[in-house]
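The structure under discussion appears below in the form of structure tokens.
The values are calculated or read from the model by the stated rules, or taken from the named source; none is laboratory data. What you see is a predicted model; the values in this text were computed from it and never measured. Neighbour counts are summed over all protein chains in view; Cβ atoms, including those assigned to glycine, are modelled from backbone coordinates with ideal geometry.
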Amino acid sequence: MCLVFLNFSWAEAKELKSLYQVSTINALLSGHYDGEIDMQTLSKYGDFGIGTFDKLDGEMIFLDGQVYKVKASGKVELVANKVKTPFAAVTYFTPEISRVIFNVENYEQLQTKLNEVVSDKNYFYAIKVSGDFKEIKTRSVPSQEKPYKPLVEITKNQPVFEYKNIKGTILGFYCPAYVAGVNVPGYHLHFLSQDKTKGGHLLAASLGKAQVEVCKIDKFTMQLPRENKLEKLELLKDYSKELLVVEK
């Protein structure tokens with residue numbers, strides 16, 4: 001495992017199975033919502049990923065080289081190159097394992113199925129699940145104004161969307177337990193419908209049939225916020241309880 005805090009070139013990023021991350025999950029939980037990296041720069045490090053946007057304005061879905069924003073209204077829109085993100089994780093998605101799964105009744109069963117593919121829990125994995133979903137529940141968050149509230153406060157009133165009999169893609173990452181505070185340990189997944197009109201942070205799912213594709217990642221690069229923006233944040237605090245509320 002290689003933990004790196006330096007930039008690398010676009011060519012190197014594409015060649016390596018690398019996860020490029022902007023900031024830390026604890027920074028986001030504690031209220032750092034100011035954008036750091038724009039989409040044009042982020043796209044140099046991957047064509048697949050998840051995150052959020054400047055001022056916490058919606059959920060990011062980065063799929064097949066296109067960046068989509070799921071707004072708090074539920075509307076999905078393409079994102080301009082100049083838009084920035086305070087937190088994101090991206091990679092070049094090249095699946096190494098592919099299998100078909102059937103009759104998954106809930107999110108817990110989906111994770112059990114994924115655990116059969118994600119064998120070595122000490123590595124990162126990019127996850128893509130495409131198919132027919134019986135039910136999907138997602139959420140998004142509205143744009144915030146300063147002074148920013150902690151994320152757990154914002155998600156108490158988050159817009160939630162429920163869809164039935166929908167085609168689309170679940171995507172995101174599995175992160176090992178030892179990166180707690182840096183990223184979300186376990187599965188962190190978003191959803192985008194096939195017609196690109198519905199999506200968000202995944203809260204629940206059931207499916208009839210879907211294809212699971214997985215890419216194992218063994219390189220990690222993180223860009224921390226610049227200009228001492230972290231110095232007043234409580235990054236050493238245990239946010240595990242808040243994170244559980246935010247993710248679920």
Fill in the blank from the handout: Scanning segment 199-213 residue by residue, those surrounded by 20 or more Cβ atoms within 10 Å (Cβ to Cβ) and farther than 16 Å from K113 by Cβ turn out to be G199, G200, H201
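Table: residues versus (1) assigned to a loop (DSSP other than H, G, I, E, B); (2) over 17 Å from the mean Cα position of the chain (by Cα).
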{"position": "D132", "(1), (2)": "no, yes"}
{"position": "V141", "(1), (2)": "yes, no"}
{"position": "E153", "(1), (2)": "no, yes"}
{"position": "G168", "(1), (2)": "no, no"}
{"position": "G172", "(1), (2)": "no, no"}
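Please work out which residue is surrounded by the fewest Cβ atoms within 10 Å (Cβ to Cβ), limiting yourself to segment 51-66 and to residues that are assigned to a loop (DSSP other than H, G, I, E, B) and charged (D, E, K, R). Steps first, answer last, please.
Within segment 51-66, the subset assigned to a loop (DSSP other than H, G, I, E, B) is 53, 57-58, 64-65.
Keeping just the survivors that are charged (D, E, K, R) gives 57, 64.
Values: D57: 22, D64: 10.
If we take residues in segment 51-66 being assigned to a loop (DSSP other than H, G, I, E, B) and charged (D, E, K, R), then D64 is surrounded by the fewest Cβ atoms within 10 Å (Cβ to Cβ).
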Practice task
Considering each of K44, K69 in turn, give the residue that is at pLDDT 95 or above, of a type outside the set (F, W, Y), touching a strand residue (DSSP E or B) at 6+ places or on another chain (Cβ under 9 Å) and outside any strand (DSSP E or B).
Solution key: K44
Handout entry: Lone unmet requirement of (1) in a helix (DSSP H, G or I); (2) hydroxyl-bearing (S, T, Y); (3) within 17 Å of E59 (Cβ to Cβ) for Y178
Key = (3)
Exercise for the section: May I ask you to list the residues in segment 184-212 that are within 15 Å of T91 (Cβ to Cβ) and over 16 Å from the mean Cα position of the chain (by Cα)? Expected result: none
Completion exercise
Within segment 68-91, of all residues that are surrounded by fewer than 24 Cβ atoms within 10 Å (Cβ to Cβ) and hydrophobic (A, V, I, L, M, F, W, C), the one farthest from G168 (Cα to Cα) is V83
Practice task
Determine if segment 58-65 includes at least one residue that is in contact with a Ser or Thr (Cβ under 6 Å, 6 or more places away or on another chain) and on the phi < 0 side of the Ramachandran plot.
Solution key: yes
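Output the residues belonging to segment 214-244 that are surrounded by 15 or more Cβ atoms within 10 Å (Cβ to Cβ) and in a helix (DSSP H, G or I).
Once the filter is applied, which keeps residues that are surrounded by 15 or more Cβ atoms within 10 Å (Cβ to Cβ) and in a helix (DSSP H, G or I), segment 214-244 yields E242, L243.
Considering only residues that are of a type in the set (A, V, I, L, M) and more than 17 Å from D47 (Cβ to Cβ), look in segment 84-107 and name the one that is modelled with the lowest pLDDT. Steps first, please.
First, the residues of segment 84-107 that are of a type in the set (A, V, I, L, M): 88-90, 97, 100-101, 104.
Narrowing further to those that are more than 17 Å from D47 (Cβ to Cβ): 97, 100-101, 104.
On the way: I97: 94, V100: 97, I101: 97, V104: 97.
Per the criteria, the residue is I97.
To keep it simple, each residue is scored yes or no on (1) at pLDDT 85 or above; (2) farther than 23 Å from K137 by Cβ.
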residue	(1), (2)
K198	yes, no
A204	yes, no
G208	yes, no
Q211	yes, no
F220	yes, yes
K237	no, yes
Handout entry: Test result for F5, at pLDDT 95 or above and under 29 Å from L236 (Cβ atoms)
Key = no
Fill in the blank from the handout: For segment 35-61, pairs from a residue that is of a type in the set (V, I, T) to a residue that is surrounded by fewer than 22 Cβ atoms within 10 Å (Cβ to Cβ), with Cβ under 6 Å and 6 or more apart or across chains, are I61/Y68
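For (1) surrounded by fewer than 18 Cβ atoms within 10 Å (Cβ to Cβ); (2) at pLDDT below 95; (3) out of contact with any Cys (no Cβ under 9 Å at 6 or more places or on another chain), each residue gets a yes or a no:
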{"site": "P147", "(1), (2), (3)": "yes, yes, yes"}
{"site": "K156", "(1), (2), (3)": "yes, yes, yes"}
{"site": "P159", "(1), (2), (3)": "yes, no, yes"}
{"site": "E162", "(1), (2), (3)": "yes, no, yes"}
{"site": "N165", "(1), (2), (3)": "yes, no, yes"}
{"site": "G172", "(1), (2), (3)": "no, no, yes"}
{"site": "C175", "(1), (2), (3)": "no, no, yes"}
{"site": "V184", "(1), (2), (3)": "no, no, no"}
